[in-house]
Amino acid sequence: MQEENKEFDLLVRSMLENAEARPSRGVWKAISSRLDARLQAQPVVWARWAAASLALAAALGAALFFRGTSHSSPIVPERSLALLSTEKQTIKTEFDNAAPLRAVPARQKSVSGDTAETGQAAVSTAAEAIAPKSTGTEGTNKPASRKKSKWKKAEQYQDDLDLLAAADSKKDRRKLSLYAKGSIGGNDSDFRFSPSHTAMAPGEKSTGFTELSTSTYGVPLTLGLGVRYHVLPRLSVGTGIDYSLLTRTFTGKYSGISSVTGEEIQEAGNVAHSLQYIGIPLGLYYDLLGTDRLKVYVYGLGEAEYCISSRYTLFAAPNIIRDERVQKLQYSIGGGLGIEFSLSRILGLYVDPGIRYYFPSDQPKSIRTDKPVMISFDAGLRFNF
C-alpha cells in the first residue's frame with residue numbers, strides 16, 4: 001500500500017509540475033501592446049481566470065488529501081487522474097474561448113504616450129518648418145554677416161590706429177631730434193628781387209686793398225649741428241651752431257709796407273676774399289603731415305652770426321695776405337617748407353628749401369651785402385630719440 005501511495009504521489013507531482021495555462025497569441029499580443037488594457041477588460045474574463053485558479057487549488061487539495069489517506073482503494077488513482085485531466089482540459093478550453101481583449105484605439109492611448117507622441121510630432125513639424133527657413137535665412141544673411149564682420153574688423157582696426165596715433169603723438173610731444181646739415185645759397189648777384197646794401201669797403205688804412213673790378217661770388221656754404229625739441233604734438237623749437245663760408249674774387253691793388261723787407265710796395269692782381277662766420281640759429285617748426293615714412297612741416301628762423309675771419313689774399317710773388325677785423329653781428333631771418341624721409345626708426349633724411357634775408361649791419365662786402373635776399377637749400381640727417 002505504501003508503495004502504491006508513493007507511485008500515486010509521484011504521478012500527481014509530475015502532472016502538476018507540467019500543468020500550465022497558456023493564453024492565446026492574440027491575448028499576449030494585446031497585453032504587450034497595451035499595458036493599460038487590463039483595466040478595460042471585461043469582467044467575464046476575470047471570472048474565468050478566477051474559476052481556473054479555484055480548479056487548480058481544488059486539484060492541489062485533492063492531491064494532498066489522497067496523499068494523506070493510507071486506506072484508499074486502488075481505483076482512486078484512476079479517478080484522480082481522470083479528474084485532473086478533466087480539469088486541465090476545462091482550464092485550457094476556458095482560456096482558448098476567452099474573449100480577446102478589446103484593442104484600444106490610437107486616440108484612447110494613455111496620457112503619457114499620447115503626450116509623448118504629440119510632442120514628438122510637434123517637434124518634427126517644427127523642425128521641418130524651421131529647417132527650410134534656417135537654410136534660406138542662412139544663405140541670405142551670410143553675406144550680410146560677413147559684411148558686418150568686416151565692418152567690425154575695420155572699426156577695430158581704425159580704433160587701433162587711433163590709439164597708435166595718439167600714442168605716437170604723445171611720444172612726439174617729447175621727442176628730441178639731433179641733426180647735422182649742409183646748406184648752400186644762391187650766388188647770383190643779378191637776382192633782381194634783392195637790393196644791395198652798403199658794404200664796408202676795404203681801404204688803405206684797414207687792409208691796403210682797393211677794388212678795381214666787380215666781384216665774382218662763390219657759392220655760400222654752411223655746415224651745422226643742432227637739436228629740435230617738441231613742445232606740442234605738432235610744434236617744436238630748434239637751435240644749434242652753424243659755420244658759414246663766403247668767398248669772392250676781384251681784381252685789386254695793394255698799397256702798403258712789406259712785412260718782409262719793410263719797404264713800401266704796390267701790387268695789382270687777382271684778390272681772393274674769404275669770410276667765415278659762426279652763427280646761432282633759433283627756429284620754430286610746425287608739422288603739417290606726419291606718417292611712418294614722410295613728414296612735412298613749415299619753419300621760420302632767425303640767426304645771429306659773428307665774423308671770425310675776413311682775409312684778403314693778393315696772388316703775387318710772394319702772396320700778400322691781410323686780415324680784417326669785423327666787430328658787428330650779422331642778423332638774418334628766414335623760412336620755408338621742410339620734408340623729412342624716414343630711413344629707419346630713428347634716422348631721417350631731410351631737405352629744407354627756403355628763403356633768407358640778411359639785415360644791413362656794416363659787414364665786409366659779400367654776396368649777402370650785395371644781394372641780401374637769398375634762396376637757400378638745407379639738407380641733412382636727423383636722429384630722432
*asked:* Just to be sure I understand, how many residues within segment 337-383 are of a type in the set (Asp, Glu) and in contact with a Lys or Arg (Cβ under 7 Å, 6 or more places away or on another chain)?
replied: 3
_Test: Ala304 is among the aliphatic types (A, V, I, L, M) and surrounded by 14 or more Cβ atoms within 10 Å (Cβ to Cβ)_ = yes
*Output the qualifying pairs, or none if there are none: Cβ atoms under 8 angstrom, residues six or more apart or on different chains, first residue in segment 169-181 and assigned by TED's automatic domain parsing to the domain that holds Val351 and over 19 Å from Leu232 (Cβ atoms), second residue surrounded by fewer than 12 Cβ atoms within 10 Å (Cβ to Cβ) and modelled with pLDDT under 95.*
Leu178/Phe385
_Subset of segment 251-293 that is over 30 Å from Ser342 (Cα atoms) and of a type in the set (Ser, Thr, Tyr) - its residue that is surrounded by the fewest Cβ atoms within 10 Å (Cβ to Cβ)_ = Thr261
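For segment 299-351, give me each residue that is in a strand (DSSP E or B) and of a type in the set (Ser, Thr, Tyr). Give the steps one after another, and end with the answer.
Of all residues in segment 299-351, those in a strand (DSSP E or B) come to 299-314, 320-323, 330-342, 347-351.
Selection gives Tyr299, Tyr306, Ser309, Ser310, Tyr312, Thr313, Tyr331, Ser332, Ser342, Tyr350.
When you go through Tyr254, Tyr277 one by one, which is the residue that is in a strand (DSSP E or B), of a type in the set (Ser, Thr, Tyr) and closer than 30 Å to Val351 by Cα?
Residue meeting the stated conditions: Tyr277.
The values are calculated or read from the model by the stated rules, or taken from the named source; none is laboratory data. What you are looking at is a predicted structure, and each value in this text was computed from that prediction instead of being measured. All Cβ positions, even for glycine, are placed from backbone atoms using ideal geometry, and neighbour counts span all protein chains on display.
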